Ligand SMILES: Nc1ncnc2c1ncn2[C@@H]1O[C@H](COP(=O)(O)OP(=O)(O)OP(=O)(O)O)[C@@H](O)[C@H]1O
Ligand SMILES: [Mg+2]
């Protein structure tokens, strides 16, 4: 049902507020709701609405309104926030999106731009929030074993499912020693071998009905095969087709790839939108990363496609982040703190790190990584638009 979705507007500039109100009324699919100008009143109003659109002008008192966006986005998951500013910059866009806004528009507001955004939001509500963007394939890779790929893949995938409420697939491409079922304590009835052997018969309905779910979430697991033999016959085209089929069903596909460059791993990398190259801050691991980055360049991957995660990061590491960035000639995308006890407790209990301790540094890091991934592609598009305007 989309009839009763309200749009709330807040701007310190009366002109902006009036024009937004006018445009909302002209757009016609949302009802303008006057929640006044008191922030706690607006908070209570939005909290009481099941679905809503909130347009907030952050041109002045930016910090205050960014904090307000954060509060609203955590308290009202079904409120789509659009930030407005008369001084758009890449830095500001990154901040508003990180705070939880779904979109950004510059002031003075151009009607057609606002209508495009409102249309997108309206369609998201109509389709139950899914298919916001096309499916994204994210592969965790490193050329070294034991570096943290499975820990990151499983916790990231679970956080993505929790944050977005969309269907997420977690695929174990470690055909010989997959760990995901151990990490999440699952005993699935179907594994990847079965799916690969039946590619022509597999559809969304089958996947959603038969893949093992992690507890009461929208995370679905495609586990490794129980015996080694099944791994030998897998072809590149089967892996490519599998990813294609998964894309029709899941908004995010997180692949836990095997260390090394087997053909099925390369196929997964080729078919990924985003590759997280996982490393630790040690010289051998970093040298390895350098070689992989060279190889990725030869494979023709965009610079943006590969992003570096430093796992087990410690503030007092002998090799600093700056050293790593210099050595790899690339910015570090994410640092996951070293937290042996929380990780071991999670693995030994077969649960996620957030279930062991949601306030731990590592649980927060996985959650924020998932938030960043979930709006990364969209944010990139916006940043591109505004950075070319800044040039
Ligand atoms: N942030 C962290 N802090 C402390 N320990 C960690 C962290 N991340 C992972 N570990 C530990 O590192 C070990 C290896 O992690 P994991 O199994 O995720 O690595 P992997 O790259 O998937 O290994 P493999 O190549 O064997 O599949 C685990 O025992 C895990 O507890
Ligand atoms: Mg692993």
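Against the chain, whose longest principal axis comes from its Cα atoms, helix 340-349 is set at around 80 degrees.
Remark: relative contact order (the chain) = 16 percent; criterion is Cα-Cα distance under 8 angstrom and separation of 6 or more residues. Classify the stretch 6-128 from the C-alpha gyration tensor, please: rounded if a/c falls under 1.5, else prolate or oblate depending on whether a/b exceeds b/c. Rounded, since a/c falls under 1.5. In the elastic network of the chain, a GNM with C-alpha springs shorter than 10 Å, the most mobile of 249, 62, 265 is 62. Between 0 and 90 degrees, the angle of helix 236-249 with respect to the longest Cα principal axis of the chain falls at about 30 degrees. Counting neighbouring Cβ atoms within 10 Å and putting the fewest first, the residues 183, 125 line up as 125, 183. Each residue in 227, 31, 76, 289 was given a count of other beta-carbon atoms within 10 angstrom of its own, and listing them fewest first yields 227, 31, 76, 289. Seen through its C-alpha gyration tensor, with square-root eigenvalues sorted a ≥ b ≥ c, the chain comes out prolate because a/c lies at 1.5 or above while a/b is bigger than b/c. Taking other C-beta atoms within 10 Å as the exposure proxy, 306, 181 rank 181, 306 from fewest upward. Taking a ≥ b ≥ c as the square roots of the Cα gyration tensor eigenvalues, the stretch 135-225 comes out oblate, since a/c reaches at least 1.5 and a/b does not exceed b/c. Top mean-square fluctuation among 315, 12, 71, Gaussian network model of the chain, C-alpha springs under 10 Å? Between 315, 12, 71, it is 315 that shows the largest mean-square fluctuation. Placing a label point 7 Å from the Cα of residue 386 along the Cα-to-Cβ direction, the residues of the stretch 59-83 whose backbone N falls under 12 Å of that point are 59, 83.
No lab work stands behind these numbers, since they all come straight from the coordinates. Predicted model, so just to flag it, every value in this text is computed and none were measured. All Cβ positions, glycine included, derive from the backbone under ideal geometry; neighbour counts span all protein chains shown.
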